[in-house]
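Trainee: My questions all concern the structure below.
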Amino acid sequence: MKKIVFFLILTAGLLFSSCVTTASKNKKTYSVFMTDTKKVNLLPPSCTEKNINVMQMFTGSFFSKDSKSVNMIACTESTEKKISIVMLNELGIEMVSVLYSDEELSLKSSFLPDTVRPEYIIMDIQNIYYKSELLSGLYKDSGLSFSVKKDNNIETRLVMDGNTIIENIEKKDGEIILHNYLRGYTYRLTEIADE
């Protein structure tokens, strides 16, 4: 029994240290204001729970009366070294392209305003797909909290500042719903099945 516990602790330590080591190799550290005063750093792509290769229907809107819904196809791919997101309109024309690696963070878009920074897009990806134990420590270091609750087939991820919910993410079979209450937007990602 002691050997199994030691092995599990050693394995968790190696996984955590490999992610932390990768983060320290970044030439530039990117960060995001999760509140108006609290910054959180981006972790490297190697910190995802698993590699991602998914095509999803993206439906998003802002929490305003005159807000219109936006629909696009989002193609997200991640490896140990990079995360790339390409968003296409209904005609298949590229509207948004984001690339994040140890060497680069870039955003190209004919759709988004110039004020949108790629760090914020990657932060949402991080909150959705990254290892929860790493995110918990990261947010704690910034004076915030990150928690995960699993109930049946639904995983709920919360980013909080004290008792105030900043971001709420629900992940269930083939669907992700994200609400960012501080910045006033929401979106749904629905997996598109291979045919």
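The values are calculated or read from the model by the stated rules, or taken from the named source; none is laboratory data. Everything numeric in this text was worked out from a predicted model, so none of it was measured. No Cβ is skipped: glycine too gets one built from the backbone with ideal geometry, and neighbour counts run over all protein chains shown. Remember, those area values only see protein heavy atoms, side chains included, never the ligands or the DNA or RNA. Shrake-Rupley method; radii C 1.70, N 1.55, O 1.52, S 1.80 Å.
Trainee: Test each condition in (1) modelled with pLDDT of 90 or more; (2) closer than 25 Å to residue 181 by Cα; (3) loosely packed, with under 12 Cβ neighbours inside 10 Å for residue 53 and report the one that comes out false.
Mentor: (2)
Trainee: Residue under question is residue 29, and the condition is that it be modelled with pLDDT under 95 and either open to solvent by less than 40 Å² (accessible area, probe 1.4 Å) or assigned to a strand (DSSP E or B) (or both); does it hold?
Mentor: No; evaluated as a whole, the condition is false for this residue.
Trainee: Just to be sure before I move on: is residue 11 open to solvent by 40 Å² or more (accessible area, probe 1.4 Å) and at pLDDT below 75 in the structure I sent?
Mentor: yes
Trainee: Still on this structure: Does residue 100 satisfy the criteria of being open to solvent by less than 50 Å² (accessible area, probe 1.4 Å) and of a type in the set (Ser, Thr, Tyr)?
Mentor: So residue 100 fits the description; yes.
Trainee: Assess whether residue 91 counts as being surrounded by 19 or more Cβ atoms within 10 Å (Cβ to Cβ) and not charged (D, E, K, R).
Mentor: No; evaluated as a whole, the condition is false for this residue.
Trainee: Something else now. Can you pull out the strands (runs of 3 or more DSSP E) entirely within the range 109-195 that have at least 1 residues that are β-branched (Val, Ile, Thr), open to solvent by less than 40 Å² (accessible area, probe 1.4 Å) and touching a Leu at 6+ places or on another chain (Cβ under 9 Å)?
Mentor: Because the criterion is at least 1 residues that are β-branched (Val, Ile, Thr), open to solvent by less than 40 Å² (accessible area, probe 1.4 Å) and touching a Leu at 6+ places or on another chain (Cβ under 9 Å), the strands (runs of 3 or more DSSP E) in the range 109-195 that meet it are 154-161, 164-172, 175-180, 185-191.
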